[in-house]
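The structure appears right after this line, and notes come after that.
The values are calculated or read from the model by the stated rules, or taken from the named source; none is laboratory data. All figures in this text were calculated on a predicted structure; none of them were measured in a lab. No Cβ is skipped: glycine too gets one built from the backbone with ideal geometry, and neighbour counts run over all protein chains shown. For accessibility, only protein heavy atoms count, side chains too; no ligands or nucleic acids. Shrake-Rupley method; radii C 1.70, N 1.55, O 1.52, S 1.80 Å.
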Amino acid sequence: MEPDLRGLTRADIEAALTGLGEKPGNAGAVFMAVHRRGATDLAQLPGVPARVCKALGRLYTLKPLPLPERKLAAADGTRKLLFRFAGNALAECVVLPGKDQQTACLSSQAGCSCGCTFCATGALGLKRSLTPVEIVAQFEACLREAVDLKSLVFMGMGEPFLNWENVKQAIKILCDSRGRHFQQVKMTVSTVGVIPVIEELTASDLRVRLAVSLVAADPELRARLAPMEKVYPLKRVLAAVRKYCAARQAHVMLEYILLPGVNDRPADSAQLAELIEGIPCRLNLIPYNPPGGPGAATPRVKEFQQELIAAGVRAYLRQEKGADISAACGQLAAYSISPK
Ligand code: SF4
């Protein structure tokens, strides 16, 4: 089957038009017709000569953008959208309300192969990686929910750096000035630590922001909680992060999920502070939410934060949202869609 024109960047369209013997200068109009003007008929792209539409139609299709199957709304205004993509690949995205702006949290994969023990997505295993079109579809659905969408995070289901080519393609589509023109600096990609992609990002001209999920400072504990530690040990991940920060004059967002009695002891905060010393960062502490409901806030959460602050770390407590609809961190598992 012909590829979907929606999954192409403007540069891809230029190359395709050149290959078809058409002027590449038409690529901007084609891109705008598809991504801003909502065209659904490849034979009649608004603002594009009929000859060019016909030529593109020989190589591509233009399918309707997938729509969410269900929507759940939480008491705090968080909304979770559930998609059933081709091949019964279930994925969720979330709109998170903020004081002045709303944030879209997108999935990069249906399920995840990383197997982090505290994460509902990890328990599913990987169904498959999502295509650029499926990632764009989540963004468009979030935009319909929140016209004042100001930031976007890849912190939903999946490890974005294990589907980096498609995530990168979607980022390029979303930031194009002829399309949604969403600023790259307002996009954050979160990883559990895939070193080769951190290195690629360091050398690339993408302006997206990097977030790294630490999980635990102790290597043995981390290997038990996040098996990726055995492939990319956190010490080496953070060495790559230091280079990223130096090369790009950038801060990194570090995330630490607090698992009561597991990685929230005073020895853990001390080891953590030592491990990240000197990294220009903001550290977000995320209280654990068990699958299916909000977790109980423990006094250790505040104490852990204070121990880090005393050690010189800019540590913040993340305000968890949407836990009553399983939309908070680590809870996305498409539970609300029954399997077919
Ligand atoms: S925490 Fe992230 S990387 Fe780990 S299993 Fe869950 S989705 Fe995958």
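Overview of results
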read-out	value
Which listed residue, of 103, 117, is more than 16 Å from the ligand (Cβ to nearest atom) and in the same structural domain as residue 150 (by TED's automatic domain parsing)	103
Verdict on residue 208 being under 16 Å from residue 118 (Cβ atoms) and of a type outside the set (S, T, N, Q)	no
Residues located in the range 169-203, provided they are among the hydroxyl-bearing types (Ser, Thr, Tyr) and within 16 Å of the ligand (Cβ to nearest atom)	188, 190, 191
Residues that are farther than 16 Å from residue 105 by Cα, touching a residue at least 12 places away in the same chain (Cβ under 8 Å) and surrounded by fewer than 24 Cβ atoms within 10 Å (Cβ to Cβ), drawn from the range 176-195	176, 178, 179, 180, 194, 195
Residue list for the range 150-168, filter: within 10 Å of the chain's Cα centre (by Cα) and either in contact (Cβ under 8 Å) with a residue 40 or more places away in the chain or away from the ligand (no atom under 16 Å from the Cβ) (or both)	152, 153, 154, 155, 156, 157, 158, 159, 160, 167
Filtered residue count, the range 208-249, keeping only those that are surrounded by 15 or more Cβ atoms within 10 Å (Cβ to Cβ) and either acidic (Asp, Glu) or modelled with pLDDT under 95 (or both)	2
Tally of residues being away from the ligand (no atom under 16 Å from the Cβ) and open to solvent by 10 Å² or more (accessible area, probe 1.4 Å) across the range 86-100	8
Residues within the range 221-253 that are within 14 Å of the ligand (Cβ to nearest atom) and free of Cβ contacts under 8 Å to residues at least 60 places away in the same chain, tallied	8
Some residue of the range 128-140 being in the same structural domain as residue 288 (by TED's automatic domain parsing), over 30 Å from residue 221 (Cα atoms) and either within 12 Å of the ligand (Cβ to nearest atom) or free of Cβ contacts under 8 Å to residues at least 24 places away in the same chain (or both)	no
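Residue by residue, here is whether (1) among the β-branched types (Val, Ile, Thr); (2) closer than 18 Å to residue 319 by Cα; (3) buried (at least 19 other Cβ atoms within 10 Å of the Cβ); (4) touching a Cys at 6+ places or on another chain (Cβ under 7 Å) holds:
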residue: 107; (1), (2), (3), (4): no, no, yes, yes
residue: 114; (1), (2), (3), (4): no, no, yes, no
residue: 117; (1), (2), (3), (4): yes, no, no, no
residue: 138; (1), (2), (3), (4): no, no, yes, yes
residue: 142; (1), (2), (3), (4): no, no, yes, yes
residue: 160; (1), (2), (3), (4): no, no, yes, no
residue: 168; (1), (2), (3), (4): no, no, yes, no
